[in-house]
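Reading through the structure tokens given below for one structure.
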Amino acid sequence: MSPRRRRPRWLTLGLGILAGAVLGGILFGVVFRSSDGVSEDAIRSELRVEVLNGCGLTGAAGRAASKLRRAGFRVESTGAADHYHYVHDVVIVRAGDRAEVERLAGVLRDAVLVEQRIPGYAFDVTVIAGRAHHLVESN
């Protein structure tokens, strides 16, 4: 029988450190992802907001939603818009106080504000994240 080859200690140590870092990253993401850095006390608006990706850039709706949450808005849903050719952010008022919606639009800078009141619609405001906003800033 041939003698058994041992793995170098540095390789074993390196693999252990790598495994620990990956596990730590996963646990950190699970613990902190749900709050998105905003405590429930920071929520100041009662508007129910949905954010849709209208530019096709991966994560555009999520970045816009995070920005709105940090500003105190209650984003309840994210998803894809009807197409990916929106050049600017679009804020569609479905219900709620127009002054509050204008404050929301101000967070996104240069958003186009559209009023389309629909009684019984699931959300008070629909935000469509367009290309121009997300090319300039990532948060």
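Quick notes
- Residue match in the stretch 67-85 (condition: of a type outside the set (Lys, Arg), in a helix (DSSP H, G or I) and either at pLDDT below 85 or within 19 Å of Ala105 (Cβ to Cβ) (or both)): yes
- Test result for Leu15, more than 21 Å from Val114 (Cα to Cα), at pLDDT 70 or above and outside any loop (DSSP other than H, G, I, E, B): yes
- Arg109 being of a type in the set (D, E, K, R), more than 12 Å from Ser45 (Cα to Cα) and touching a Lys or Arg at 6+ places or on another chain (Cβ under 7 Å): no
- Single match in Gly56, Gly20, Gly29, Gly62 (criterion: at pLDDT 70 or above, over 12 Å from the mean Cα position of the chain (by Cα) and either part of a helix (DSSP H, G or I) or closer than 24 Å to Val101 by Cβ (or both)): Gly20
- Residues of the stretch 33-53 that are at pLDDT below 90, closer than 16 Å to Arg103 by Cα and either outside any loop (DSSP other than H, G, I, E, B) or of a type in the set (Phe, Trp, Tyr) (or both): Ala42 alone.
- Taken together, the residues in the stretch 51-91 that are of a type outside the set (S, T, N, Q), within 14 Å of Ala122 (Cβ to Cβ) and in contact with a helix residue (DSSP H, G or I) (Cβ under 9 Å, 6 or more places away or on another chain) amount to 5.
The values are calculated or read from the model by the stated rules, or taken from the named source; none is laboratory data. Computed from a predicted model, the values in this text were never measured in an experiment. Glycine gets a Cβ as well: all are built from the backbone with ideal geometry, and neighbour counts include every protein chain shown.
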